[in-house]
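The values are calculated or read from the model by the stated rules, or taken from the named source; none is laboratory data. Owing to the predicted nature of the structure, the values given are computational and were not obtained by experimental measurement. Here the Cβ positions follow ideal geometry from the backbone for every residue, glycine too, while neighbour counts run over all protein chains shown.
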Amino acid sequence: DEKAEESSDLDSSSDDEDEDEVNNTLEVGKEMQTSSPCQKTEEEQKVMEEQQKSKQDGQCEKTFAEPNKPLSQPAVFIPVDRSPEIQEARLKLPILSEEQIIMEAVRENPFVVICGETGSGKTTQVPQFLYEAGYASGDGIIGITEPRRVAAVNMSHRVAKEMNLSTRVVSYQIRYEGNVTDETKIKFMTDGVLLKEIQKDFLLQKYSVIIIDEAHERSVYTDILIGLLSRIIPLRNKKGMPMKLLVMSATLRVEDFTENQKLFRTPPPVIKVDARQFPVTVHFNKRTPLEDYTGEAFHKTCKIHRMLPPGGILVFLTGQLEVHTLCKRLRKAFPFRKGNPKAGEDEEADSSEAMRKFKKSKRKKTVSLPQIDLNNYSVLPVDEGDEDREAGIGDEEDEGSDLDIGDDPLDAEETADPSIPLYVLPLYSLLAPEQQAKVFRPPPPGTRLCVVATNVAETSLTIPGIKYVVDCGRVKKRFYDRVTGVSSFKVTWTSQASANQRAGRAGRTEPGHCYRLYSSAVFGDFSLFSEAEITRRPVEDLVLQMKDLNIDKVVNFPFPTSPSAEALVAAEQLLVSLGALKEPPRTGRVKEMQQARLSCPITPLGRAMASFPVAPRYAKMLALGKQQDCLPYVIAVVAAMTVREIFEDFDRPAQNEDESSKLTQRRARLTHMRRLWAGQGASLLLGDLMVMLGAVGACEFAGCTPRFCEDNGLRYKAMVEIRKLRGQLTNAVNAVCPEVGVFVDPKMAPPTEHQVVCLRQIVLAGLGDHLARRVQTEDLVDPKWKNGYKTPLMDEPVFIHPSSALFKKLPDFIVYQEIMETSKMYMKGVSAVEAEWVPQLLPQYCHFGSPLDEPSPWFCSSTGTIRCHRPSTFFCVSWQLPAVEKE
Ligand code: CDP
Ligand code: MG
C-alpha cells in the first residue's frame, strides 16, 4: 500500500512552519498532506467491499479500533444492530453510496468538507459511519455541533433510534440541558457548548472527531470553531493524539473554508454528495404583495389544498407570530378536530395570592445610601453558553438547481378532494420540542400535512412528504448599527440561495411545486447569498471568549470571514471599560496605539466574566453581585434580561371581535401587573429591571405554572428558561466559590430598599456605555427632542419605550438594556441612575476638570458636562468614544 505509506511518511516529515503571528499561544502544527480522497488501491477496495459485505450480512466481530490508523491497516468495524425498516430507509439516502469515499478521505486527511443537499443524510449518517469505523471505540468520542438547539436535540434522538442505542450512548448537550453520560460515544451539541469546552480543555482531548454541521449557516460560533479547530488539530497531531475535523454544509459554497490560506494552508478535500432531488417547478406571483404576505400565503395554501393532488404543504414565513396567525386561519378554514390540542393547563395557581405574598414583606427603611465597591467581585464559574437562533442565515449555493419555471397546476382543473381535512402544524425554533417532533410523524390518515414554519425548515430539519412549498420570500433578521449598537428586527428579502433552498424542500420525495409570493423581477433583485452573521453583529462576547483562550490578537485570528476592524475595536474598547481587558498604554504613535488597542490582554476579572454564559455587560453585573446579598437578585435580573422577551405580546392584530376584546383585557391585566411589579419609591427607580425581578419573583412564588403565566401575561417558555438559567448561574457560582453560598430561593423575598440601590449601581456598572441623559426643557432647540434622551454616541434623540415602568417618570439619567428602532429609537430595559454615581462607578467614561473647558450645551455637542451634586466636583462624561484612526 504505497500510496498510504507515502502519505503518512509525508505527514510525519513535513516541517513545522510558524504562521506569521497568528497569536501568542496558538501554535501552528505541521500541515497534513492532502491527497485525493477518491483514489483507492485494489487492496483497499477489497477491504472496503468485504466490510460492506459483512456489514450487510451483519456478521462481523467487534474489534477495537485505533482511530486515524493509516489506510494500510484493515479498517475496523463496530457493528450496529439496526432494525430492518431503518436499514431500508438508510439505504435510500444518497450519502450511503459515498460512505467509502468519505471514510477514506477522513482517514487520509485531518480536515474534510462534505457538501450535500438538505435531507441527503449528512447529520444522521456521518456520525454513524464514524462510529462503525471505530472512531468512538477508543478513548475519544464523536462530537457534532449544530447551530440550533432544535437540531442538536432532535438529531441525537434520531441517531440513537437509528442505531438502536440508548440515549446514554448517543446524547446531546445544549445550554440548559443534556443527557450526556460516561457511556456517551456520539454527542450532539450546540456550537456554543463546544466553544465553552475549548475554554476548559483547549485540545478537546475527549474527542477523536469533531463534526461541524450546518456550516453554510455561517453562525458566529461555527465560524470561530472552525478557526480554532484549524489550529487545534495540527496541535493534536503533533502530540500524537490525532483528531479529525469534518465540516458539513448544505451548499457547495465552501470557499471561505477551503480556499482560506489563513485557515488551511492545503485546501481540504471536498466531498460532494449528490442528492436525489426531484424537479421542482417554480411559480412566481405576477405581483408582489408588499404588506400582507401572510394573507397571500393563506390564499395560496387554501388554493393548493383545494385544487392539487395529495402531498404535504410547507409554508415559509418570517416569525413566530406570523406562523401562529396563519395556523389559526388555516385551521379555521379547514377544521381538523383531533389535532392541535391546547397547551397543558394542568396546574392551579392562585396568582393574586402569590403576588400578595411576594409583595408582602416590606422592610424598614434605611437612611444611608449604600455604595457598591467596584473592586469587590465574586469568583465566577465556568459553564456552557449557546444561543438558539430563530432566524438562520443561509449562505447557499444555487448549483445544479433543478428549478424550472413551468405550468402552474393551479391554473388547471380541480383535482383534489376539498373535503380532506388539513393537518396544520407550526414549526419554529422556540416551539416546545414535543410540538416540533410532530412534523416528523406522518399526518393522521386521510389528512393533508401543512407545516407553517420559519426558516428553521430551510436546512436544519427535513420534513418528510412535502410536495408544495409556499415561500413568502422574506426573512426576519436582527440588524445592528455598528457604531451605536442600536438593534432592530427587520423583515427583509431573503437571498436567492435561501429561496432556492426553500424551493428544494418540495422535491425530496417526488417532483414538487414551489409557489413564490413575489415576482421573478423581485427575485432577480435578491442578493445571491446572505452575509455571514459575524459581519453583522457586535462581537464583544466573542472577543472576550477568545481572549480567555489567550488569543490576544483577535484581529489575526483565522476567521472564515473576519468581523470588521471597527467592530473589533469597539468590542475591545467596551471590554477595557468593563475592566475585562487591560487598558492599552496611552503613549506611542498612532500605529502602535492602534496595535495595542487590538491586542489588550485579559484581566483576572475578564477571566471570571468569560466563564459566565452571558454577555460581558451582564457578566460584569454578576461579578459585582455578591455585595449586600444582592447576588440572587442580580442572577434573576441577568437571567431575565438574557432571555428573549419575557412578556406576551398583546399588541398583535386581532382576528375577530372576540379576540380583540380578549386581547384588550389581557393587555390591561399585563399593564396592571407591570405596575405592581415595578413597585413604588426606591424599587420603581430600578425601573424595568424591577418589573422583571418582580415578574420572576411572583412567578416562582406561584410555582412557575403555565396557568400563572397565562393569567399574568408572561411567556411560560421564557419563565422556564429563566428558571433554568438562574439555576445554572447559581450552581456555577457555588461550584467555584462555595463561600458565596448563593442558592435559588423559589420564595425569594423582594429586595430591601438598600439592596435596590445596590442593584441600580451594579446595573450602572455593567451598562455604563448605555447611559442616557434627559434633555431638559430649557435646552430644547428642536421639538423632536421633547421627552428625548441624549446618548454619548448618537446625534438623534432616543426615547423611553411606552411599555417601560419609567415612561412617565422620565428620570434625568438612565441606563438602558438596548435600543430598538421601531417607529422611533426606543430604549428598553430602562433603569434610573443618580448623576453622582457616574464619576464613582464609571470613571473610565469621565474626565475630571473644570467645567469651563466644556462650555457648550452637551445635548447638541459631542461632549458634555454633568455637574455633580457634591460640592466642587465637576466632571465631564466623554460623550464621544475616541474615533478609530484610519490607516
Ligand atoms: O443532514 P441532512 O440534511 O443531509 O439530512 P439528515 O438530517 O441526516 O436527514 C436524512 C433523512 O432522515 C431525511 O430524509 C429525514 O427526513 C430523515 N429524518 C427523519 O425521518 N426523522 C428525523 N428526526 C430526522 C431525519
Ligand atoms: Mg443536517
Residue check, L165 against (1) over 25 Å from P464 (Cα atoms); (2) surrounded by fewer than 22 Cβ atoms within 10 Å (Cβ to Cβ); (3) modelled with pLDDT of 95 or more, all met but one. Which one? (1)
Could you list, in sequence order, all residues of segment 225-273 that are within 13 Å of ligand 1 (Cβ to nearest atom) and out of contact with any strand residue (DSSP E or B) (no Cβ under 8 Å at 6 or more places or on another chain)? none
Every residue in segment 141-163 that is away from ligand 2 (no atom under 12 Å from the Cβ) and either among the small types (G, A, S) or part of a loop (DSSP other than H, G, I, E, B) (or both), please. G143, S156, A160
Criterion: within 16 Å of ligand 2 (Cβ to nearest atom), more than 30 Å from C472 (Cα to Cα), under 28 Å from the mean Cα position of the chain (by Cα) and modelled with pLDDT of 90 or more - qualifying residue of I224, I198, I211: I211
Selected residue [charged (D, E, K, R), over 22 Å from K196 (Cα atoms) and near ligand 1 (Cβ under 9 Å from one of its atoms)] from E104, E132, E117, E108: E117
Restricting attention to segment 616-629, does a residue exist that is touching a Leu at 6+ places or on another chain (Cβ under 8 Å) and farther than 17 Å from G768 by Cα? no
Residues located in segment 305-319, provided they are out of contact with any Lys or Arg (no Cβ under 6 Å at 6 or more places or on another chain), among the hydrophobic types (A, V, I, L, M, F, W, C) and either assigned to a loop (DSSP other than H, G, I, E, B) or at pLDDT 95 or above (or both): L308, I313, V315, L317
Where E434 falls short, out of the listed (1) more than 16 Å from ligand 2 (Cβ to nearest atom); (2) among the charged types (D, E, K, R); (3) under 22 Å from V153 (Cβ atoms); (4) touching a residue at least 12 places away in the same chain (Cβ under 8 Å): (4)
Note: among R516, R448, R441, just one is basic (K, R), more than 16 Å from ligand 2 (Cβ to nearest atom) and surrounded by fewer than 20 Cβ atoms within 10 Å (Cβ to Cβ), namely R441
Any residue that is buried (at least 16 other Cβ atoms within 10 Å of the Cβ) and over 25 Å from the mean Cα position of the chain (by Cα) - is there at least one of those in segment 540-547? no
Please indicate, with yes or no, whether at least one residue in segment 100-112 is touching a strand residue (DSSP E or B) at 6+ places or on another chain (Cβ under 9 Å), within 13 Å of ligand 2 (Cβ to nearest atom) and outside any loop (DSSP other than H, G, I, E, B). no
From the set of residues in segment 254-276 that are crowded, with 20+ Cβ neighbours inside 10 Å and within 16 Å of ligand 2 (Cβ to nearest atom), which is modelled with the lowest pLDDT? A275
Can you tell which of T492, T561, T535 is hydroxyl-bearing (S, T, Y) and touching a Phe, Trp or Tyr at 6+ places or on another chain (Cβ under 9 Å)? T492
Cross-chain or 6+ apart pairs with Cβ under 6 Å, segment 450-465 first and farther than 10 Å from L314 by Cα, then near ligand 1 (Cβ under 9 Å from one of its atoms) and of a type outside the set (A, V, I, L, M, F, W, C): T459/T118; T462/T118; T462/G119
Residues of segment 113-140 being surrounded by fewer than 22 Cβ atoms within 10 Å (Cβ to Cβ) and away from ligand 2 (no atom under 15 Å from the Cβ), which ones? G134, S137, G138, D139
Please specify each residue of segment 632-668 satisfying the condition of being hydrophobic (A, V, I, L, M, F, W, C), modelled with pLDDT under 90 and assigned to a helix (DSSP H, G or I). L663
Taking segment 455-468 and keeping residues at pLDDT 90 or above and either more than 15 Å from ligand 1 (Cβ to nearest atom) or over 26 Å from P409 (Cα atoms) (or both) leaves Y468
The residue from S171, S166 that alone is in a strand (DSSP E or B), away from ligand 2 (no atom under 15 Å from the Cβ) and either free of Cβ contacts under 8 Å to residues at least 60 places away in the same chain or within 22 Å of the chain's Cα centre (by Cα) (or both) is S171
Give just the number: which of (1) within 23 Å of L195 (Cα to Cα); (2) at pLDDT 90 or above does A521 not satisfy? (1)
